[in-house]
Amino acid sequence: MKSHPEIIHRIIEIIRENKTFCIVGHVRPDGDCIGSQLGLALALQNEGKKVTVWNSDAVPQKYRFLNPDGLLEKPRMGEKFDCVIATDCASFERLGKVAECIGNRKVFINIDHHESNPHYADVNWISPREPSCGELIYRLLKAARWPITKPIADLLFTAISTDTGSFQYPTTRPGTFHAGAELVTRGANLAKICDEVYQSYPLSRAKLLKHVYSKFRLMDHDRIAWFWLKKKDFARTGAESDDTEGLIDHIRAIEPVVVACVFEELEPELTRISLRSKNANVNVSAICAQFGGGGHPAAAGARIPGTPLSVQRKVIAAVKRAMKALK
């Protein structure tokens, strides 16, 4: 029998000892976050636990098929839980409004795969070698010998697939394919998942994509690509913040580009940045850490106060410094 890290057995023990749970995830949830939250929630419900699932933000349109019963909802003050479990959340601050609502608890567990995670809970299982949190939840269920039902298989397959770029990112390991294969065997509906997640998006996103292709900029011998998303761009296209997921990959894919960056205006003097790197020698998590953010070596982000131009200058300068190692 395959051995499991001691921390997994500790988490299973805590789960077995408690009755009421709240599963939480990061703001602006992506497929890995939603799939991990709901996959774990269904598994705990099947074990007879009382489970609440909270996220500060609504489920994006393309992932709503994963939440047909509305299990994932907005947080409420005044609730009490035996155990709170954070999945796919790189820092406590990334929980957003949820953080204010989970103080009344006995134990706090943190399950994540972000290298920058500061171990903010009572019990922390942080495994950066896994390309998705969904794979960690899959390992947890296997170690506990909890059944992987068809709905759970759909959730965990979506989690793993979306955070590995459909098993294309270099972080994808042999074990990732084994997990994906078993989830399909357990009933994951590949046709539905692929249609909902990858082959269907609103017209507003197409308009946003037109903006990206017409406005992106290149510098540093075409090795750095970047574009802005201002509030007026969302107003003009009818797009929402959800529609931005994956846009960065369109400029990241340009052949000479090593680092891609999106600047998204949140407030007149607050900008969200997302960075992607195609070179193992350029760690964008370390770049984002300079601005209070973090993530993975190849994909990271931060929120930076200041005027748009000052933020742009600081971030581009930091990227250029990191790129000097490549010369």
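Remark: the stretch 78-86, residue by residue, has Karplus-estimated 3J(HN,Hα) of x, 8, 10, 9, 5, 9, 10, 10, 8 Hz, where x stands for each Gly or Pro and the curve is 6.51 cos²θ - 1.76 cosθ + 1.60 at θ = phi - 60°. Considering the dipole of the chain built from charges on the beta carbon (Lys and Arg +1, Asp and Glu -1) around the Cα centre, which of Ile11, Gln168, Ser127 is farthest to its positive end? Positive-most Cα among the choices belongs to Gln168. The simple spin-label model puts a point 7 Å past each Cα toward its Cβ; for Ala191 and Leu203 those points are separated by 2.8 nm. Expressed per residue, the C-alpha convex hull volume of the stretch 110-257 stands at 154 Å³.
Simple spin-label estimate for Ser241 and Leu309 gives 2.6 nm between the two label positions (7 Å along the Cα-to-Cβ direction from each Cα). For the stretch 203-327, a Kirkwood hydrodynamic radius built from all Cα pairs, placed in the Stokes-Einstein relation at 20 °C and 1.002 mPa s, yields a translational diffusion coefficient of 148 µm²/s. Close amide H partners of Glu73, meaning residues 5 or more places away or on another chain with modelled amide H under 5 Å apart, are Val53, Trp54, Asn55. The modelled label-to-label distance between Asp249 and Gln168, using points 7 Å beyond Cα along the C-beta direction, is 0.5 nm. Charges were assigned to the Cβ only: +1 to each Lys and Arg, -1 to each Asp and Glu. The resulting dipole of the chain about its Cα centre is roughly 580 debye. From the residues Leu44, Ala99, Asn281, which one has its Cα farthest along the dipole of the chain in the positive direction, the dipole being from +1 and -1 charges on Cβ of Lys/Arg and Asp/Glu about the Cα centre? Sorting the options by dipole projection puts first Asn281.
Tally Lys and Arg at +1 and Asp and Glu at -1 over the other residues with C-beta under 12 Å from the C-beta of Ala286: what net charge comes out?
0
Computed over the chain with a Gaussian network model linking Cα atoms closer than 10 Å, the most mobile of Thr171, Thr244, Thr185 is Thr185. The relative contact order of the stretch 1-66 comes to 37 percent, based on Cα pairs under 8 Å that sit 6 or more residues apart. Note that the stretch 196-297 presents 49 Å² accessible area per residue, ligands and nucleic acids not counted, probe 1.4 Å. Phi angles of the stretch 216-228 translate, via the Karplus equation with coefficients 6.51, -1.76, 1.60 and θ = phi - 60°, into HN-Hα couplings of 5, 10, 10, 8, 6, 6, 6, 8, 10, 10, 8, 8, 9 Hz per residue; Gly and Pro are given as x.
Note on the stretch 170-327: Lys pairs 8 or more places apart or on different chains, Cα atoms under 25 Å apart, count 25. Given +1 at the Cβ of Lys and Arg, -1 at the Cβ of Asp and Glu and no other charges, the dipole of the stretch 75-215 around its Cα centre is 300 debye to the nearest 20.
Computed from Cα positions, the angle between helix 133-144 and the longest principal axis of the chain comes to roughly 10 degrees. Aspartates and glutamates near Lys80 by alpha-carbon distance under 15 Å, same-chain residues fewer than 8 away left out - which ones? The reachable aspartates and glutamates, counting only those whose Cα sits under 15 Å from Lys80, are Glu100. Sorting the Cα pairs of the stretch 76-120 by distance into bins of 5 Å, from 0 upward, gives 5, 23, 31, 25, 12, 4, 1 percent per bin.
What percentage of the solvent-accessible surface of the chain, computed with a 1.4 Å probe over protein heavy atoms, is contributed by carbon and sulfur atoms? C and S fraction of accessible area: 51 percent. Distance distribution note for the stretch 123-194: the fraction of Cα pairs above 22 angstrom is 15%.
Against the empirical 2.2 N^0.38 Å (N residues), the stretch 1-130 has a Cα radius of gyration ratio of 0.99. Compactness ratio for the stretch 177-238: Cα radius of gyration over 2.2 N^0.38 Å (N = residue count) comes to 1.70. Taking 0.36 nm per residue of separation and subtracting the current Cα-Cα distance, fully stretching the chain between Phe177 and Lys19 would add 53.5 nm.
Ligands, DNA and RNA are left out, and with a 1.4 angstrom probe the accessible area of the stretch 1-130 is 44 Å² per residue.
The values are calculated or read from the model by the stated rules, or taken from the named source; none is laboratory data. Bear in mind the structure is a predicted one, so any value in this text is a computation, not a measurement. Here the Cβ is made from the backbone with ideal geometry for all residues, glycine too, and neighbour counts use every protein chain on show. Ligands, DNA and RNA are stripped out before the accessible areas are found, and what is left, the full protein with its side chains, is counted by its heavy atoms. Shrake-Rupley method; radii C 1.70, N 1.55, O 1.52, S 1.80 Å.
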